[in-house]
Amino acid sequence: MREGPFSYHISLDDRNPTHFDNHIIRSLSSMEGYFYDEAAYSSMLAEEDQVLYEVFEIKRPETVGELLQGISVIRPGKVGNEYFMTKGHFHKVLDTSEVYYCLRGHGLMLMETPEGEWALEEMKLGTVVYVPPRWGHRSINLHPDQELILFFAYPAHAGHDYKSIEERGFRKLVVERNGKHEVVENERWDQSS
Ligand code: PAN
Ligand code: ZN
């Protein structure tokens with residue numbers, strides 16, 4: 001972790017920031033239970049444990065006042081007809097927000113509150129998405145062959161709570177139908193509420 005003020009550069013040619021402290025790689029095998037089409041998931045996994053997304057984090061002390069930043073890179077692809085996406089989470093300190101800035105690609109930010117209110121924002125080059133306090137969030141790559149590259153920043157003490165989304169998912173799923181994305185109900189969510 002760096003001391004004092006600093007800068008770094010995000011090169012879109014090799015898409016790795018010139019400085020990062022942590023590199024997380026999420027492959028298909030780490031996403032068990034996240035995609036609704038379990039048969040499609042299993043047969044894809046049997047073929048290859050491909051990488052779905054990566055996160056480069058610029059770490060900060062996990063204290064109030066600090067901002068943790070980084071970039072996430074979501075690969076193009078689908079499991080069945082559901083687009084590649086991040087796991088999604090609430091912040092452990094629920095009352096914390098986050099800002100995303102789209103550097104490349106085409107995607108969606110799916111958001112919901114613990115009470116089940118939901119929202120979807122489209123992301124293209126230059127889009128800023130503000131995720132307010134209390135809103136869980138997941139990034140989804142809609143592009144058929146381009147990576148979705150997002151810069152993010154959030155309070156460094158926020159932490160992550162994956163549990164509820166791991167158990168029941170988001171209220172809505174985003175799937176491809178006739179070459180377009182469509183928002184459909186997640187039956188697992190409905191059954192759990
Ligand atoms: C981001 C996310 C990143 C990966 O840094 O952590 O996009 O998504 P998952 O954490 O859901 O796998 C963020 O929102 N941090 O709070
Ligand atoms: Zn977050």
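Going residue by residue through the stretch 106-125, is there one that turns out to be modelled with pLDDT of 95 or more, of a type in the set (A, V, I, L, M, F, W, C) and outside any strand (DSSP E or B)? Within the stretch 106-125, one or more residues are modelled with pLDDT of 95 or more, of a type in the set (A, V, I, L, M, F, W, C) and outside any strand (DSSP E or B). Among the residues of the stretch 47-100, those identified as open to solvent by 50 Å² or more (accessible area, probe 1.4 Å), assigned to a loop (DSSP other than H, G, I, E, B) and within 12 Å of ligand 2 (Cβ to nearest atom) are K92, V93, L94.
Residues in the stretch 176-185 that are surrounded by fewer than 17 Cβ atoms within 10 Å (Cβ to Cβ) and of a type outside the set (D, E): R177, N178, G179, K180, V183, V184.
Residues of the stretch 157-170 that are surrounded by fewer than 19 Cβ atoms within 10 Å (Cβ to Cβ) and assigned to a loop (DSSP other than H, G, I, E, B): H157, G159, Y162. Within the stretch 2-25, the presence of a residue that is within 16 Å of ligand 1 (Cβ to nearest atom), in contact (Cβ under 8 Å) with a residue 12 or more places away in the chain, in contact with a strand residue (DSSP E or B) (Cβ under 7 Å, 6 or more places away or on another chain) and under 19 Å from V174 (Cβ atoms) is excluded.
Hey, any hits in the stretch 146-164 for a residue that's within 12 Å of ligand 1 (Cβ to nearest atom), of a type outside the set (A, V, I, L, M, F, W, C) and over 30 Å from T63 (Cα atoms)? So far as the stretch 146-164 goes, no, none of its residues is within 12 Å of ligand 1 (Cβ to nearest atom), of a type outside the set (A, V, I, L, M, F, W, C) and over 30 Å from T63 (Cα atoms). Scanning the stretch 17-37 for residues that are away from ligand 2 (no atom under 16 Å from the Cβ) and open to solvent by 50 Å² or more (accessible area, probe 1.4 Å) turns up T18, F20, D21, H23, I25, S29, E32, Y36.
Cβ-Cβ distances below 6 Å connect the following pairs, each with a first residue in the stretch 104-127 that is of a type in the set (D, E), a second residue that is in a loop (DSSP other than H, G, I, E, B), and a separation of six or more residues or different chains: E112/F170; E112/R171.
The values are calculated or read from the model by the stated rules, or taken from the named source; none is laboratory data. Values in this document were obtained by computation on a predicted structure and should not be read as measured data. Heads up, the Cβs are rebuilt from the backbone with ideal geometry, glycines too, and the neighbour counts pull from every protein chain shown. Remember, those area values only see protein heavy atoms, side chains included, never the ligands or the DNA or RNA. Shrake-Rupley method; radii C 1.70, N 1.55, O 1.52, S 1.80 Å.
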